[in-house]
1. Taking the Cα centre of the chain as the origin, how large is its charge dipole in debye, to the nearest 20, when only Lys and Arg (+1) and Asp and Glu (-1) carry charge on their Cβ atoms?
2. Spelling out what I want: for every residue of region 97-111, take phi, set θ = phi - 60°, compute 6.51 cos²θ - 1.76 cosθ + 1.60 (Karplus), and round to whole Hz; glycine and proline get x.
3. Nearest 10 degrees is fine. How inclined is helix 42-51 to the longest principal axis of the chain, computing both from alpha carbons?
4. So for the chain, averaging the separation of alpha carbon pairs under 8 Å that are six or more residues apart and normalising by length, what relative contact order in percent results?
5. Keeping the other protein chains in place, figure out the carbon and sulfur percent of the accessible area of region 34-112, with a 1.4 Å probe.
6. For the chain, what is the mean residue ellipticity at 222 nm derived from helices alone (per DSSP H run of n ≥ 4: -39500 (n - 2.57); sum divided by total residues; nearest 500 deg cm²/dmol)?
7. Under a 1.4 Å probe, what is the accessible area of region 36-116 per residue, stated in Å²?
8. List the lysines whose alpha-carbon lies under 23 Å from that of LYS93, not counting same-chain residues fewer than 8 positions away?
Amino acid sequence: MNITYHEENGYLLPNIVVGCDTSRPIGKYGRMRRKYLQEHRLILFSVMVQDGTLFEHLAEVEDAAQTRLETIVPALAKAAGATEALKAADPMKWVGIMNACKAQAEEIIFQEIVYA
């Protein structure tokens, strides 16, 4: 590893540049993963920041979580009986079932992806 230094007030300070690709937004699950790493896996978080891989990791977590959510919610909704006929007949019941399905799916995602 080749580290360069610059002098300030008689002290040699390393030239550190942290790269960050901000072209992709980090959503809810990426932010939750970052907070988890900061609070519970500080060494891993620090290494990822120094290597410049944190943003990429958070984007991958966000993509994986969104994909998993899009897979789990329809399956849970089908098992719970949230059909288009129910949506037309009793919209409030349908919304309640869908909210419960999304909450269940998010709990699965938290355990499998965000807090793993």
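1. Once rounded to the nearest 20, the dipole reads 520 debye.
2. With the stated coefficients, region 97-111 comes to 5, 5, 5, 5, 5, 5, 5, 5, 5, 5, 4, 5, 5, 4, 6 Hz.
3. Taking the Cα atoms of the chain, the angle to 42-51 is about 70 degrees.
4. It comes to 25 percent, rounded to a whole number.
5. Carbon and sulfur: 57 percent of the exposed surface of region 34-112.
6. -21000 deg cm²/dmol, from helical runs alone.
7. Accessible surface, normalised per residue, equals 63 Å².
8. In chain and number order, the partners are LYS78, LYS102.
The values are calculated or read from the model by the stated rules, or taken from the named source; none is laboratory data. Computed from a predicted model, the values in this text were never measured in an experiment. Reconstructed Cβ throughout: ideal geometry from the backbone, glycine too, with neighbour counts over all protein chains shown. Ligands, DNA and RNA are stripped out before the accessible areas are found, and what is left, the full protein with its side chains, is counted by its heavy atoms. Shrake-Rupley method; radii C 1.70, N 1.55, O 1.52, S 1.80 Å.
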